[in-house]
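Everything below concerns the one structure shown next.
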Amino acid sequence: MRARLLVFPIKGRNWCFIRSIDRSTSESQSSQSPTTFKQLWKNVSSSSPKATAANVELCVDFVANKMNKAWSGLEKAPPGSFKNKIHGVGLSLLSRVKPSEIFLKSIPKQLTGVEVVFPSSLNARLVRRRLRHIAMRGSIVHKNYFYGSVTLLPVTSAFAVLPLPNVPFFWILFRTYSHWRALKGSEKLLQLVSDSSKTHHENESEEKSSDSSDPPLVMEASEELERLVGDGDDVSKCRLKDICKVFDLETSDVLKYQQQKNY
């Protein structure tokens, strides 16, 4: 399983890191995850005792699917209703999630390689260094936030005695899941980038023909992206939307990079 990543400057040292949309992969992953608790129990009980990590992944995917269905129900609520107001509060909270976290969450553990597309005027080593930096920083930051969110779960669960939806608990539960996914994505991205640098030095010392196996990291300088980005000093909103159309990106996630401070 491979993915295409785009890396380009938006304003000064503020760079955009984002993965191209892969609808076929997301659909296949959602179809493989269990939809009921009975299916989840069957899959967990039938697996080998050593497959602890796989069972944890299965349970996390099951909870994530349940949260997504609940969120879809709030989204379809009639305007002015209580569920619609909760949905508005959720959108306000989601707008505060950093785009770097969204990017790291998009890196699954099944990934075997990435194709990094960047403007042709940039140095490939600089782009790879920035990728390594965001992966290393993400592994530290999201590990701390993950443990912090876990400790808050018992506290927010106490609000269940109130006759209202326990919004704080579900928000902390979502943040726990989000930070865990971002942590795993950071570790996987760092592994791919590190493996790339190791295999690069090995191939220089030992001349081997490895046409059958794809490298974990492929750097591709794009003239098209260079034309759209320009000098990268201050990319306009219209140009960012054009980049999203050409390279099949999520527009809302890209625009978040324009609004945040230098990362």
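Condition check ((1) within 13 Å of the chain's Cα centre (by Cα); (2) open to solvent by 50 Å² or more (accessible area, probe 1.4 Å); (3) not polar (S, T, N, Q)) across all residues:
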residue: 96; (1), (2), (3): no, yes, yes
residue: 106; (1), (2), (3): yes, no, no
residue: 131; (1), (2), (3): no, no, yes
residue: 150; (1), (2), (3): no, yes, yes
residue: 162; (1), (2), (3): no, yes, yes
residue: 191; (1), (2), (3): no, yes, no
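The rows are residues; the columns are (1) of a type in the set (A, V, I, L, M, F, W, C); (2) at pLDDT below 70; (3) touching a His at 6+ places or on another chain (Cβ under 6 Å).
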site	(1), (2), (3)
12	no, no, no
47	no, yes, no
60	yes, yes, no
66	no, no, no
70	yes, no, no
84	no, no, no
Problem set entry | Contacts under 8 angstrom Cβ, first residue in the stretch 208-228 being modelled with pLDDT of 90 or more, partner open to solvent by 100 Å² or more (accessible area, probe 1.4 Å), 6 or more apart | 228/239
Exercise. So residue 258 clears everything in (1) at pLDDT 85 or above; (2) surrounded by 16 or more Cβ atoms within 10 Å (Cβ to Cβ); (3) of a type outside the set (Gly, Ala, Ser) except one condition, right? Which one?
Worked result: (1)
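Is it the case that residue 249 is assigned to a loop (DSSP other than H, G, I, E, B) and modelled with pLDDT of 90 or more? Break it down into steps so the answer makes sense when it comes.
Numbers: assigned to a loop (DSSP other than H, G, I, E, B): yes; modelled with pLDDT of 90 or more: yes.
Taking the combined requirement at face value, the residue satisfies it.
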Exercise. If you check every pair at least six apart or on different chains, which have Cβ atoms under 6 Å apart with a residue in the stretch 78-102 that is farther than 17 Å from residue 142 by Cβ first and a residue that is part of a loop (DSSP other than H, G, I, E, B) and open to solvent by less than 50 Å² (accessible area, probe 1.4 Å) second?
Worked result: 83/77; 84/77
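Please specify each residue of the stretch 168-206 satisfying the condition of being among the small types (Gly, Ala, Ser) and at pLDDT below 90. Walk me through how you get there before you give the answer.
Restricting attention to the stretch 168-206, the residues satisfying the condition of being among the small types (Gly, Ala, Ser) are 178, 182, 185-186, 194, 196-197, 205.
Of everything in the stretch 168-206, those that are among the small types (Gly, Ala, Ser) and at pLDDT below 90 turn out to be 194, 196, 197, 205.
The values are calculated or read from the model by the stated rules, or taken from the named source; none is laboratory data. Since we're looking at a predicted model, the values are computed, not measured. We place every Cβ from the backbone using ideal geometry, glycine too, and count neighbours over all the protein chains shown. With ligands, DNA and RNA removed, areas are computed over all heavy atoms of the protein, side chains included. Shrake-Rupley method; radii C 1.70, N 1.55, O 1.52, S 1.80 Å.
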